[in-house]
Amino acid sequence: MDSLRSKENLNQFESIFGKTNQLPRLFQAPARINIIGEHVDYLGGTVLPAAIDFFVQVLLRPNDSQNYRLHSVSYQETVELKKPFSPNSKSPWVDYIAGVIFEIEKKGHIVPGFDLLVDGNIPQGSGLSSSAAFEVATGYAIKETFEFPITREEIALIGQKAENNFVGTKCGIMDQFIIAVGKKDDCISLNTETLKYSYHHFDLGNYEFYLINSNVKHSLKDSAYNKRRSECESALVKIKAKYPNFTQLYDVKLSDSEIDQCHLTKEEIKRTKHVTSERERTKVVIESLESGNFRDVGSALFQTHWSLSKEFEVSCPEIDFIVDSLQSLGVTGARMIGGGFGGCVLVLDTKNHFSKIEEVLKKSYQQKFNVAIDFYKFQISDGVKEVLV
Ligand code: GLA
(Lines give C-alpha, C1' and ligand atoms only; values in the text may rest on other atoms or scores of the structure.)
Protein backbone atom coordinates (compact mmCIF):
# COMPACT_ATOMS: atom_id res chain seq x y z
CA MET A 1 0.00 0.00 0.00
CA ASP A 2 1.37 3.41 -0.96
CA SER A 3 1.88 5.76 1.92
CA LEU A 4 0.47 9.26 1.68
CA ARG A 5 2.72 12.04 0.45
CA SER A 6 1.42 15.11 2.29
CA LYS A 7 4.59 17.20 1.97
CA GLU A 8 5.05 16.40 -1.74
CA ASN A 9 1.38 17.13 -2.30
CA LEU A 10 1.69 20.54 -0.65
CA ASN A 11 4.56 21.38 -3.00
CA GLN A 12 2.56 20.11 -5.95
CA PHE A 13 -0.48 22.15 -4.83
CA GLU A 14 1.59 25.33 -4.76
CA SER A 15 3.25 24.65 -8.07
CA ILE A 16 -0.13 24.05 -9.78
CA PHE A 17 -2.25 26.72 -8.08
CA GLY A 18 0.46 29.20 -7.04
CA LYS A 19 1.84 30.24 -3.66
CA THR A 20 -0.14 32.77 -1.61
CA ASN A 21 0.19 33.88 1.98
CA GLN A 22 -2.52 31.36 2.89
CA LEU A 23 -1.55 27.69 3.24
CA PRO A 24 -4.10 25.09 2.11
CA ARG A 25 -5.59 22.99 4.94
CA LEU A 26 -5.32 19.21 4.85
CA PHE A 27 -8.29 16.93 5.60
CA GLN A 28 -8.39 13.15 5.56
CA ALA A 29 -11.23 10.65 5.38
CA PRO A 30 -10.74 6.91 6.04
CA ALA A 31 -11.82 3.76 4.21
CA ARG A 32 -14.30 1.44 5.92
CA ILE A 33 -15.00 -2.18 6.59
CA ASN A 34 -18.41 -3.58 7.48
CA ILE A 35 -18.50 -6.49 9.91
CA ILE A 36 -22.09 -7.48 9.19
CA GLY A 37 -25.30 -6.07 7.68
CA GLU A 38 -24.58 -6.13 3.94
CA HIS A 39 -26.96 -4.75 1.33
CA VAL A 40 -29.45 -3.70 3.98
CA ASP A 41 -28.53 -0.02 4.44
CA TYR A 42 -30.98 1.13 1.77
CA LEU A 43 -33.72 -1.04 3.29
CA GLY A 44 -33.75 0.30 6.85
CA GLY A 45 -31.41 -2.42 8.17
CA THR A 46 -28.76 -2.35 10.90
CA VAL A 47 -25.10 -2.31 9.86
CA LEU A 48 -21.86 -2.69 11.84
CA PRO A 49 -19.11 -0.74 10.06
CA ALA A 50 -15.77 0.67 11.24
CA ALA A 51 -13.37 3.23 9.73
CA ILE A 52 -9.91 1.87 8.84
CA ASP A 53 -6.51 3.41 8.24
CA PHE A 54 -6.45 3.86 4.50
CA PHE A 55 -7.25 7.41 3.46
CA VAL A 56 -8.33 9.98 0.92
CA GLN A 57 -6.65 13.33 1.61
CA VAL A 58 -7.67 16.71 0.24
CA LEU A 59 -5.78 19.99 0.41
CA LEU A 60 -8.15 22.94 0.08
CA ARG A 61 -7.63 26.70 -0.09
CA PRO A 62 -10.16 29.45 -1.02
CA ASN A 63 -9.19 31.18 -4.29
CA ASP A 64 -11.26 34.39 -4.24
CA SER A 65 -13.10 33.45 -7.42
CA GLN A 66 -16.38 31.81 -8.40
CA ASN A 67 -14.66 28.73 -9.79
CA TYR A 68 -13.12 25.53 -8.48
CA ARG A 69 -9.68 24.47 -9.66
CA LEU A 70 -9.14 20.78 -8.98
CA HIS A 71 -6.17 18.43 -9.24
CA SER A 72 -6.16 14.65 -8.82
CA VAL A 73 -2.78 13.09 -8.02
CA SER A 74 -3.96 9.59 -9.04
CA TYR A 75 -5.19 10.76 -12.44
CA GLN A 76 -2.48 13.44 -12.83
CA GLU A 77 -5.16 15.76 -14.11
CA THR A 78 -6.12 19.38 -13.40
CA VAL A 79 -9.68 20.49 -14.18
CA GLU A 80 -11.51 23.80 -13.76
CA LEU A 81 -15.08 23.37 -12.57
CA LYS A 82 -17.65 26.09 -13.21
CA LYS A 83 -21.34 26.44 -12.46
CA PRO A 84 -23.82 25.31 -13.63
CA PHE A 85 -22.47 21.79 -13.07
CA SER A 86 -23.17 18.92 -15.42
CA PRO A 87 -21.76 15.36 -15.21
CA ASN A 88 -18.17 15.24 -16.46
CA SER A 89 -17.86 12.05 -18.50
CA LYS A 90 -14.22 12.77 -19.40
CA SER A 91 -13.09 13.14 -15.77
CA PRO A 92 -15.70 11.35 -13.63
CA TRP A 93 -13.72 12.02 -10.41
CA VAL A 94 -14.78 15.68 -10.70
CA ASP A 95 -18.44 14.65 -10.30
CA TYR A 96 -17.88 13.73 -6.67
CA ILE A 97 -16.78 17.29 -5.90
CA ALA A 98 -19.49 18.90 -8.05
CA GLY A 99 -22.11 16.70 -6.37
CA VAL A 100 -20.94 17.67 -2.89
CA ILE A 101 -20.88 21.43 -3.67
CA PHE A 102 -24.30 21.13 -5.28
CA GLU A 103 -25.79 19.36 -2.23
CA ILE A 104 -24.21 21.83 0.24
CA GLU A 105 -25.66 24.72 -1.75
CA LYS A 106 -29.07 23.05 -1.71
CA LYS A 107 -28.93 23.46 2.06
CA GLY A 108 -28.63 27.22 1.59
CA HIS A 109 -24.85 27.78 1.86
CA ILE A 110 -23.05 29.46 -1.03
CA VAL A 111 -19.72 27.69 -1.61
CA PRO A 112 -17.07 30.23 -2.71
CA GLY A 113 -14.36 29.25 -5.24
CA PHE A 114 -11.47 27.09 -4.03
CA ASP A 115 -8.42 25.16 -5.16
CA LEU A 116 -8.33 21.50 -4.20
CA LEU A 117 -5.80 18.68 -4.60
CA VAL A 118 -6.86 15.10 -3.88
CA ASP A 119 -4.71 12.04 -3.23
CA GLY A 120 -5.30 8.76 -1.45
CA ASN A 121 -4.18 5.21 -0.80
CA ILE A 122 -7.56 3.42 -0.71
CA PRO A 123 -7.46 0.93 -3.58
CA GLN A 124 -10.26 1.95 -5.95
CA GLY A 125 -12.96 -0.58 -6.76
CA SER A 126 -11.93 -2.70 -3.77
CA GLY A 127 -15.16 -2.39 -1.80
CA LEU A 128 -13.47 -0.19 0.82
CA SER A 129 -15.40 2.96 -0.14
CA SER A 130 -12.82 5.20 -1.74
CA SER A 131 -15.61 7.24 -3.35
CA ALA A 132 -17.51 7.80 -0.10
CA ALA A 133 -14.21 8.84 1.52
CA PHE A 134 -13.67 11.35 -1.30
CA GLU A 135 -17.17 12.80 -0.86
CA VAL A 136 -16.89 13.05 2.92
CA ALA A 137 -13.35 14.51 2.79
CA THR A 138 -14.54 17.15 0.32
CA GLY A 139 -17.72 17.99 2.25
CA TYR A 140 -15.88 18.22 5.55
CA ALA A 141 -13.07 20.34 4.08
CA ILE A 142 -15.62 22.79 2.63
CA LYS A 143 -17.61 22.97 5.86
CA GLU A 144 -14.50 23.61 7.98
CA THR A 145 -12.88 26.08 5.58
CA PHE A 146 -15.99 28.21 5.10
CA GLU A 147 -17.29 27.62 8.63
CA PHE A 148 -20.70 26.26 7.62
CA PRO A 149 -22.77 24.99 10.57
CA ILE A 150 -23.16 21.46 9.19
CA THR A 151 -22.89 18.38 11.41
CA ARG A 152 -20.89 15.23 10.64
CA GLU A 153 -24.15 13.33 10.14
CA GLU A 154 -25.28 15.95 7.60
CA ILE A 155 -21.94 15.67 5.78
CA ALA A 156 -22.66 11.94 5.43
CA LEU A 157 -26.10 12.62 3.96
CA ILE A 158 -24.64 15.24 1.60
CA GLY A 159 -22.08 12.67 0.38
CA GLN A 160 -24.75 10.04 -0.14
CA LYS A 161 -26.96 12.46 -2.10
CA ALA A 162 -23.98 13.52 -4.22
CA GLU A 163 -23.44 9.85 -5.09
CA ASN A 164 -27.16 9.13 -5.66
CA ASN A 165 -27.97 12.22 -7.69
CA PHE A 166 -24.73 13.23 -9.36
CA VAL A 167 -22.63 10.10 -9.72
CA GLY A 168 -25.65 7.85 -10.27
CA THR A 169 -25.14 5.02 -7.75
CA LYS A 170 -28.19 4.57 -5.55
CA CYS A 171 -26.03 3.64 -2.56
CA GLY A 172 -27.28 3.55 1.02
CA ILE A 173 -25.95 5.66 3.90
CA MET A 174 -23.53 3.23 5.60
CA ASP A 175 -20.25 4.22 3.95
CA GLN A 176 -20.53 7.99 4.21
CA PHE A 177 -21.90 7.69 7.75
CA ILE A 178 -19.09 5.65 9.28
CA ILE A 179 -16.49 7.72 7.41
CA ALA A 180 -18.03 10.86 8.94
CA VAL A 181 -18.50 9.63 12.53
CA GLY A 182 -15.93 6.80 12.96
CA LYS A 183 -13.77 6.60 16.11
CA LYS A 184 -10.41 4.93 16.63
CA ASP A 185 -10.78 1.34 17.92
CA ASP A 186 -14.61 1.36 17.73
CA CYS A 187 -17.18 0.17 15.24
CA ILE A 188 -20.73 1.51 15.24
CA SER A 189 -24.09 -0.18 15.02
CA LEU A 190 -26.21 2.07 12.84
CA ASN A 191 -29.95 1.78 12.34
CA THR A 192 -30.22 3.02 8.75
CA GLU A 193 -33.90 3.83 9.12
CA THR A 194 -33.62 6.20 12.09
CA LEU A 195 -29.89 7.00 11.71
CA LYS A 196 -29.50 6.31 15.45
CA TYR A 197 -26.12 4.77 16.19
CA SER A 198 -23.90 3.71 19.04
CA TYR A 199 -20.18 3.03 19.37
CA HIS A 200 -18.96 -0.47 20.30
CA HIS A 201 -15.55 -1.46 21.47
CA PHE A 202 -14.78 -5.16 21.15
CA ASP A 203 -11.71 -6.76 22.62
CA LEU A 204 -10.71 -9.29 19.98
CA GLY A 205 -8.26 -11.05 22.32
CA ASN A 206 -6.44 -13.71 20.39
CA TYR A 207 -8.36 -12.95 17.17
CA GLU A 208 -7.85 -10.41 14.40
CA PHE A 209 -9.61 -9.07 11.35
CA TYR A 210 -7.74 -8.58 8.08
CA LEU A 211 -8.58 -8.04 4.41
CA ILE A 212 -7.83 -9.87 1.20
CA ASN A 213 -8.16 -7.87 -2.02
CA SER A 214 -9.20 -10.10 -4.94
CA ASN A 215 -8.01 -7.35 -7.28
CA VAL A 216 -11.16 -7.89 -9.29
CA LYS A 217 -12.26 -4.31 -9.92
CA HIS A 218 -15.92 -3.55 -9.62
CA SER A 219 -17.84 -0.49 -10.60
CA LEU A 220 -20.99 -0.13 -8.52
CA LYS A 221 -22.44 2.11 -11.17
CA ASP A 222 -22.01 -0.32 -14.02
CA SER A 223 -22.80 -3.34 -11.89
CA ALA A 224 -26.14 -4.67 -10.81
CA TYR A 225 -26.15 -2.62 -7.58
CA ASN A 226 -29.01 -0.35 -8.64
CA LYS A 227 -30.86 -3.36 -10.01
CA ARG A 228 -30.62 -5.20 -6.68
CA ARG A 229 -31.97 -2.16 -4.92
CA SER A 230 -34.96 -1.88 -7.24
CA GLU A 231 -35.67 -5.63 -6.92
CA CYS A 232 -35.85 -5.17 -3.14
CA GLU A 233 -38.12 -2.17 -3.54
CA SER A 234 -40.49 -3.99 -5.87
CA ALA A 235 -40.52 -7.00 -3.51
CA LEU A 236 -41.63 -4.69 -0.69
CA VAL A 237 -44.37 -3.10 -2.80
CA LYS A 238 -45.82 -6.57 -3.50
CA ILE A 239 -45.47 -7.71 0.13
CA LYS A 240 -47.16 -4.52 1.35
CA ALA A 241 -50.09 -5.06 -1.00
CA LYS A 242 -50.89 -8.17 1.05
CA TYR A 243 -49.33 -7.23 4.42
CA PRO A 244 -49.58 -3.42 4.68
CA ASN A 245 -47.97 -3.27 8.13
CA PHE A 246 -44.43 -3.79 6.83
CA THR A 247 -42.74 -0.51 5.95
CA GLN A 248 -39.24 -1.89 5.28
CA LEU A 249 -38.14 -5.11 3.59
CA TYR A 250 -35.69 -5.58 6.47
CA ASP A 251 -38.56 -5.93 8.93
CA VAL A 252 -40.54 -8.51 6.99
CA LYS A 253 -41.25 -11.60 9.11
CA LEU A 254 -43.26 -14.05 7.01
CA SER A 255 -43.17 -17.77 6.42
CA ASP A 256 -42.28 -19.16 2.99
CA SER A 257 -45.92 -19.95 2.30
CA GLU A 258 -46.99 -16.40 3.22
CA ILE A 259 -44.30 -15.02 0.89
CA ASP A 260 -45.60 -17.35 -1.81
CA GLN A 261 -48.91 -15.53 -1.73
CA CYS A 262 -47.29 -12.18 -2.56
CA HIS A 263 -46.50 -13.12 -6.17
CA LEU A 264 -42.84 -12.18 -6.04
CA THR A 265 -40.55 -13.09 -8.91
CA LYS A 266 -37.88 -15.74 -8.29
CA GLU A 267 -35.28 -12.98 -7.92
CA GLU A 268 -37.42 -10.96 -5.52
CA ILE A 269 -37.86 -14.04 -3.29
CA LYS A 270 -34.09 -14.59 -3.18
CA ARG A 271 -33.32 -10.95 -2.41
CA THR A 272 -35.93 -10.96 0.39
CA LYS A 273 -34.39 -14.13 1.84
CA HIS A 274 -30.97 -12.52 2.05
CA VAL A 275 -32.24 -9.30 3.60
CA THR A 276 -34.44 -10.89 6.27
CA SER A 277 -31.89 -13.57 7.20
CA GLU A 278 -29.19 -10.88 7.48
CA ARG A 279 -31.29 -9.31 10.22
CA GLU A 280 -30.96 -12.47 12.34
CA ARG A 281 -27.23 -12.85 11.66
CA THR A 282 -26.59 -9.23 12.62
CA LYS A 283 -28.21 -9.81 16.02
CA VAL A 284 -26.07 -12.91 16.55
CA VAL A 285 -22.87 -11.08 15.60
CA ILE A 286 -23.49 -8.11 17.90
CA GLU A 287 -24.28 -10.42 20.84
CA SER A 288 -21.37 -12.74 20.11
CA LEU A 289 -18.86 -9.91 19.75
CA GLU A 290 -20.05 -8.60 23.11
CA SER A 291 -19.69 -11.99 24.78
CA GLY A 292 -16.39 -12.77 23.02
CA ASN A 293 -17.83 -15.76 21.17
CA PHE A 294 -15.76 -15.35 18.00
CA ARG A 295 -16.58 -18.82 16.62
CA ASP A 296 -20.24 -17.73 16.31
CA VAL A 297 -19.21 -14.41 14.76
CA GLY A 298 -17.14 -16.33 12.22
CA SER A 299 -19.87 -18.74 11.22
CA ALA A 300 -22.32 -15.84 10.77
CA LEU A 301 -19.78 -14.18 8.46
CA PHE A 302 -19.56 -17.33 6.32
CA GLN A 303 -23.36 -17.58 6.23
CA THR A 304 -23.65 -13.96 5.15
CA HIS A 305 -21.14 -14.58 2.40
CA TRP A 306 -23.03 -17.50 0.91
CA SER A 307 -26.30 -15.63 1.23
CA LEU A 308 -24.79 -12.68 -0.68
CA SER A 309 -23.43 -15.10 -3.26
CA LYS A 310 -26.44 -17.40 -3.75
CA GLU A 311 -29.47 -15.30 -2.77
CA PHE A 312 -28.41 -11.72 -3.41
CA GLU A 313 -26.07 -12.74 -6.27
CA VAL A 314 -23.48 -10.00 -5.79
CA SER A 315 -20.33 -12.12 -5.48
CA CYS A 316 -18.11 -13.40 -8.30
CA PRO A 317 -16.09 -16.61 -8.93
CA GLU A 318 -12.82 -15.10 -7.65
CA ILE A 319 -14.32 -13.95 -4.35
CA ASP A 320 -16.20 -17.23 -3.87
CA PHE A 321 -12.95 -19.10 -4.45
CA ILE A 322 -11.22 -17.04 -1.75
CA VAL A 323 -13.99 -17.59 0.81
CA ASP A 324 -14.31 -21.26 -0.04
CA SER A 325 -10.55 -21.76 0.32
CA LEU A 326 -10.49 -19.89 3.63
CA GLN A 327 -13.29 -22.10 4.91
CA SER A 328 -11.36 -25.25 3.92
CA LEU A 329 -8.22 -23.84 5.55
CA GLY A 330 -10.13 -23.53 8.81
CA VAL A 331 -10.21 -19.75 9.32
CA THR A 332 -12.82 -18.55 11.82
CA GLY A 333 -14.94 -16.53 9.39
CA ALA A 334 -14.81 -14.62 6.11
CA ARG A 335 -17.06 -12.85 3.66
CA MET A 336 -17.12 -10.39 0.78
CA ILE A 337 -17.73 -6.81 1.90
CA GLY A 338 -19.28 -3.79 0.24
CA GLY A 339 -21.31 -3.64 -2.94
CA GLY A 340 -19.83 -6.84 -4.37
CA PHE A 341 -18.81 -8.12 -7.83
CA GLY A 342 -15.16 -8.13 -6.76
CA GLY A 343 -13.19 -6.16 -4.21
CA CYS A 344 -12.22 -7.35 -0.74
CA VAL A 345 -12.91 -10.24 1.60
CA LEU A 346 -12.97 -9.53 5.34
CA VAL A 347 -11.39 -12.34 7.37
CA LEU A 348 -11.71 -13.08 11.09
CA ASP A 349 -9.19 -15.55 12.44
CA THR A 350 -6.86 -16.40 15.31
CA LYS A 351 -3.70 -14.31 15.25
CA ASN A 352 -1.18 -17.09 14.63
CA HIS A 353 -2.69 -18.17 11.32
CA PHE A 354 -2.05 -15.22 8.99
CA SER A 355 1.29 -16.12 7.34
CA LYS A 356 0.23 -19.65 6.49
CA ILE A 357 -3.06 -18.52 4.94
CA GLU A 358 -1.28 -15.79 2.99
CA GLU A 359 1.29 -18.20 1.59
CA VAL A 360 -1.21 -20.89 0.55
CA LEU A 361 -3.84 -18.59 -0.91
CA LYS A 362 -1.48 -16.33 -2.84
CA LYS A 363 -0.21 -19.39 -4.67
CA SER A 364 -3.55 -21.09 -5.37
CA TYR A 365 -5.27 -17.87 -6.47
CA GLN A 366 -2.46 -16.98 -8.84
CA GLN A 367 -2.59 -20.50 -10.29
CA LYS A 368 -6.35 -20.46 -10.79
CA PHE A 369 -6.97 -16.89 -12.00
CA ASN A 370 -3.52 -15.71 -13.04
CA VAL A 371 -4.02 -12.61 -10.88
CA ALA A 372 -2.19 -11.67 -7.66
CA ILE A 373 -4.11 -11.07 -4.45
CA ASP A 374 -3.13 -8.65 -1.70
CA PHE A 375 -3.42 -9.09 2.05
CA TYR A 376 -3.99 -5.98 4.20
CA LYS A 377 -3.71 -5.68 7.95
CA PHE A 378 -5.43 -2.56 9.28
CA GLN A 379 -6.22 -0.51 12.37
CA ILE A 380 -9.65 0.84 13.22
CA SER A 381 -9.28 4.58 12.96
CA ASP A 382 -10.99 7.96 13.37
CA GLY A 383 -13.50 9.32 10.91
CA VAL A 384 -12.86 12.40 8.75
CA LYS A 385 -10.66 15.06 10.35
CA GLU A 386 -8.15 17.82 9.72
CA VAL A 387 -4.52 16.75 9.92
CA LEU A 388 -1.20 18.57 9.87
CA VAL A 389 0.70 18.61 6.59
C1 GLA B 1 -21.84 -0.18 -1.09
C2 GLA B 1 -22.81 0.98 -0.84
C3 GLA B 1 -23.37 0.90 0.59
C4 GLA B 1 -23.94 -0.48 0.89
C5 GLA B 1 -22.95 -1.57 0.49
C6 GLA B 1 -23.56 -2.93 0.62
O7 GLA B 1 -20.72 -0.06 -0.28
O8 GLA B 1 -22.17 2.22 -1.02
O9 GLA B 1 -24.35 1.90 0.77
O10 GLA B 1 -25.18 -0.66 0.25
O11 GLA B 1 -22.49 -1.42 -0.84
O12 GLA B 1 -23.90 -3.19 1.93
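Please specify each residue of the range 77-118 satisfying the condition of being within 16 Å of the ligand (Cβ to nearest atom) and among the aromatic types (Phe, Trp, Tyr).
Result: TYR96, single match.
Within the range 283-317, how many residues turn out to be in a helix (DSSP H, G or I), within 27 Å of VAL216 (Cα to Cα) and either hydrophobic (A, V, I, L, M, F, W, C) or within 20 Å of the chain's Cα centre (by Cα) (or both)?
Selection size over the range 283-317: 10.
Quick one: which of LYS242, LYS217 is surrounded by fewer than 16 Cβ atoms within 10 Å (Cβ to Cβ) and either within 16 Å of the ligand (Cβ to nearest atom) or under 16 Å from THR169 (Cβ atoms) (or both)?
Only one candidate passes the filter, namely LYS217.
Return only the number of the condition from (1) touching a strand residue (DSSP E or B) at 6+ places or on another chain (Cβ under 8 Å); (2) at negative phi; (3) surrounded by 24 or more Cβ atoms within 10 Å (Cβ to Cβ) that TYR210 does not satisfy.
With (1) touching a strand residue (DSSP E or B) at 6+ places or on another chain (Cβ under 8 Å); (2) at negative phi; (3) surrounded by 24 or more Cβ atoms within 10 Å (Cβ to Cβ) applied to TYR210, the lone miss is (3).
In the range 119-154, what count of residues is obtained for those that are more than 16 Å from the ligand (Cβ to nearest atom), of a type in the set (Val, Ile, Thr) and surrounded by fewer than 24 Cβ atoms within 10 Å (Cβ to Cβ)?
3
Looking at (1) out of contact with any Gly (no Cβ under 8 Å at 6 or more places or on another chain); (2) among the hydrophobic types (A, V, I, L, M, F, W, C); (3) crowded, with 16+ Cβ neighbours inside 10 Å, find the lone condition where ALA29 falls short.
Exception for ALA29: condition (1).
Yes/no matrix, rows are residues, columns are (1) surrounded by 21 or more Cβ atoms within 10 Å (Cβ to Cβ); (2) over 17 Å from the mean Cα position of the chain (by Cα); (3) of a type in the set (S, T, N, Q):
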position	(1), (2), (3)
CYS171	yes, no, no
ALA180	yes, no, no
SER189	no, no, yes
LEU195	no, no, no
ALA224	no, no, no
ARG229	no, no, no
GLU233	no, yes, no
THR247	no, yes, yes
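Could you pull out the residue among LYS283, LYS356, LYS362 that is under 30 Å from GLY44 (Cα atoms) and without any contact (Cβ under 8 Å) to a residue 40 or more places away in the chain?
Only one candidate qualifies: LYS283.
Got at least one residue in the range 94-109 being of a type outside the set (Ser, Thr, Tyr), modelled with pLDDT of 95 or more, touching a Ser or Thr at 6+ places or on another chain (Cβ under 7 Å) and closer than 18 Å to THR169 by Cα?
For the range 94-109, residues of a type outside the set (Ser, Thr, Tyr), modelled with pLDDT of 95 or more, touching a Ser or Thr at 6+ places or on another chain (Cβ under 7 Å) and closer than 18 Å to THR169 by Cα: present.
Any idea which residue in the range 260-312 is surrounded by the most Cβ atoms within 10 Å (Cβ to Cβ), counting only those that are basic (Lys, Arg) and within 22 Å of THR350 (Cβ to Cβ)?
Out of the qualifying residues, it is ARG281.
If I filter the range 359-373 for residues that are of a type in the set (Asp, Glu), surrounded by fewer than 17 Cβ atoms within 10 Å (Cβ to Cβ) and either part of a strand (DSSP E or B) or out of contact with any Gly (no Cβ under 8 Å at 6 or more places or on another chain) (or both), do I get at least one hit?
yes
Identify, please: which residue in the range 157-182 is among the charged types (D, E, K, R) and within 22 Å of PHE85 (Cα to Cα) and is, among those, nearest to the ligand (Cβ to nearest atom)?
Once the filter is applied, the top-ranked residue is GLU163.
Answer yes or no: is there a residue in the range 325-345 that is among the charged types (D, E, K, R) and over 15 Å from ILE35 (Cβ atoms).
no
The values are calculated or read from the model by the stated rules, or taken from the named source; none is laboratory data. Everything numeric here is computed off the predicted structure, so don't read it as measured data. Note that each Cβ is placed from the backbone with ideal geometry, even for glycine, and that neighbours are counted across all protein chains shown.
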